[in-house]
1. Go through the residues of the stretch 82-95 one by one and say whether even a single one is farther than 16 Å from A4 by Cα, surrounded by 13 or more Cβ atoms within 10 Å (Cβ to Cβ) and of a type in the set (A, V, I, L, M).
2. When you check T38 against the structure, is it assigned to a loop (DSSP other than H, G, I, E, B), under 16 Å from I22 (Cα atoms) and hydroxyl-bearing (S, T, Y), yes or no?
3. Name every residue in the stretch 50-78 that is touching a Phe, Trp or Tyr at 6+ places or on another chain (Cβ under 8 Å) and within 16 Å of D24 (Cα to Cα), in order of residue number.
4. I'd like the residue in the stretch 42-101 that is β-branched (V, I, T) and part of a loop (DSSP other than H, G, I, E, B) and, out of all such residues, is modelled with the lowest pLDDT.
5. Filter the stretch 14-34 down to residues that are in contact (Cβ under 8 Å) with a residue 24 or more places away in the chain and out of contact with any Phe, Trp or Tyr (no Cβ under 7 Å at 6 or more places or on another chain), then give me how many there are.
6. In the stretch 100-110, is there at least one residue being under 16 Å from A7 (Cα atoms), touching a residue at least 12 places away in the same chain (Cβ under 8 Å) and of a type outside the set (A, V, I, L, M)?
Amino acid sequence: MATAKEALAKLMDMDGVLGACIVDSSSGMMLGAVGGGTLNLELAAAGNTEVIRAKRKTMKTLNLSDPIEDILITLGRQYHLMRPLSTNDALFIYVALDRSRANLALARHALSAAEKDLVV
């Protein structure tokens, strides 16, 4: 079991990670963050909260009851991954990756492992 700080630090060990944070989807506020550099993780957390909310609303409208494993946004130079916590639906982990250096499959696997180990 890992604390938020430990889980985020472990995610930063992956190649190509620009930043990561744990976000409260009810408020858009970060509970913890690492990295970021030129990427404003506070703005990203707030904006991606809207993505999570929109997807959940769409799934409800479509009567889809499957849980969201992760959401991927692919940009020209970056990947943005969001993974709601299975143990606390109000929280999600957000990771931004440099597309030229990151391995998307390994990043999704690491994000899944971090989510399973996280104790909030």
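1. Looking only at the stretch 82-95, we keep the residues that are farther than 16 Å from A4 by Cα, and these are none.
Checked against the condition, which is being farther than 16 Å from A4 by Cα, surrounded by 13 or more Cβ atoms within 10 Å (Cβ to Cβ) and of a type in the set (A, V, I, L, M), the stretch 82-95 yields no hits at all.
2. Values: assigned to a loop (DSSP other than H, G, I, E, B): yes; under 16 Å from I22 (Cα atoms): no; hydroxyl-bearing (S, T, Y): yes.
Considered against the rule, which asks whether it is assigned to a loop (DSSP other than H, G, I, E, B), under 16 Å from I22 (Cα atoms) and hydroxyl-bearing (S, T, Y), T38 comes out as no.
3. Keep residues of the stretch 50-78 that are touching a Phe, Trp or Tyr at 6+ places or on another chain (Cβ under 8 Å), which gives 52, 72-73.
I52 - this is the single residue of the stretch 50-78 that is touching a Phe, Trp or Tyr at 6+ places or on another chain (Cβ under 8 Å) and within 16 Å of D24 (Cα to Cα).
4. Here is the first cut: in the stretch 42-101, the residues β-branched (V, I, T) are 49, 51-52, 58, 61, 68, 71, 73-74, 87, 93, 95.
Right, trim to part of a loop (DSSP other than H, G, I, E, B) and you get 68, 87.
Working: I68: 94, T87: 90.
The qualifying residue modelled with the lowest pLDDT is T87.
5. Within the stretch 14-34, the first condition is being in contact (Cβ under 8 Å) with a residue 24 or more places away in the chain, and the residues that meet it are 14-26, 31-34.
Next, only the ones that are out of contact with any Phe, Trp or Tyr (no Cβ under 7 Å at 6 or more places or on another chain) stay: 14-19, 22, 24, 26, 31-34.
Going through the stretch 14-34 one residue at a time, the tally reaches 13.
6. Of all residues in the stretch 100-110, those under 16 Å from A7 (Cα atoms) come to 106-110.
Still in the list and also touching a residue at least 12 places away in the same chain (Cβ under 8 Å): 106-108, 110.
From what is left, the residues that are of a type outside the set (A, V, I, L, M) are 108.
Yes: one or more hits.
The values are calculated or read from the model by the stated rules, or taken from the named source; none is laboratory data. Predicted model, so just to flag it, every value in this text is computed and none were measured. No Cβ is skipped: glycine too gets one built from the backbone with ideal geometry, and neighbour counts run over all protein chains shown.
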